[in-house]
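Taking it in order: structure first as structure tokens, then the write-up.
The values are calculated or read from the model by the stated rules, or taken from the named source; none is laboratory data. Keep in mind it's a predicted model, so treat the numbers as computed, not measured. Don't worry about glycine lacking a Cβ; one is built from the backbone with ideal geometry, like all the others, and counts go over all protein chains shown. Remember, those area values only see protein heavy atoms, side chains included, never the ligands or the DNA or RNA. Shrake-Rupley method; radii C 1.70, N 1.55, O 1.52, S 1.80 Å.
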Amino acid sequence: MTRFSLIRPFLHRLDPERAHGVTLWALKNGLGGTNRLANDPRLAISLWGRNFANPVGLAAGFDKDAQVMGPMLA
């Protein structure tokens with residue numbers, strides 16, 4: 001069971017702006033965790049001449065003030 005699965009019900013009860021704020025706060029305070037798994041080569045994609053290890057990304061504007069770039073890249 002991951003930390004996110006524990007707090008998911010709480011986040012889903014919040015209005016979107018508050019959930020976004022809580023998520024940014026958690027990332028700023030080191031509660032984001034890290035990716036310990038290697039990317040599965042089957043997920044690799046190419047788009048407009050750029051190669052990506054997987055198709056997962058962030059929604060535009062999630063970190064519009066660049067407050068949690070490091071934790072999000074981890």
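Roughly how much of S5 is accessible, in Å² to the nearest 10, using a 1.4 Å probe?
The accessible area comes out at roughly 50 Å².
Could you calculate the FRET efficiency of L43 with F10 from 1/(1 + (r/R0)^6), where r is the beta carbon distance between them and R0 is 35 Å, rounded to 0.05?
Calculated transfer efficiency: 0.75.
Roughly how many Å² of R18 are accessible to a 1.4 Å probe, to the nearest 10?
The value for R18 is about 150 Å².
Just by accessible area at a 1.4 angstrom probe, what is the order of H12, H20 from largest to smallest?
H12, H20
For log10 I(q)/I(0) by the Debye sum over Cα atoms at q = 0.13 Å⁻¹, several values are listed as (1) -0.39; (2) -0.51; (3) -0.34; flag the one computed from this structure.
Computed from these coordinates, log10 I(q)/I(0) by the Debye sum over Cα atoms at q = 0.13 Å⁻¹ corresponds to label (2).
Please work out the average accessible area per residue across the chain, using the 1.4 Å probe convention, and give it in Å².
I get 88 Å² per residue for the chain.
Find the relative contact order for the chain and round it to a whole percent, using C-alpha pairs within less than 8 Å whose residues are 6+ positions apart.
In percent, rounded to a whole number, it is 30.
Would you kindly state how much longer the chain becomes between A60 and A74 on full extension, computed as 0.36 nm times their sequence separation minus their alpha carbon distance, in nm to one decimal?
Here the answer is 3.2 nm.
Using a 1.4 Å probe on the protein chains only, how many percent of the accessible area of the chain belongs to carbon and sulfur?
That share works out to 60 percent.
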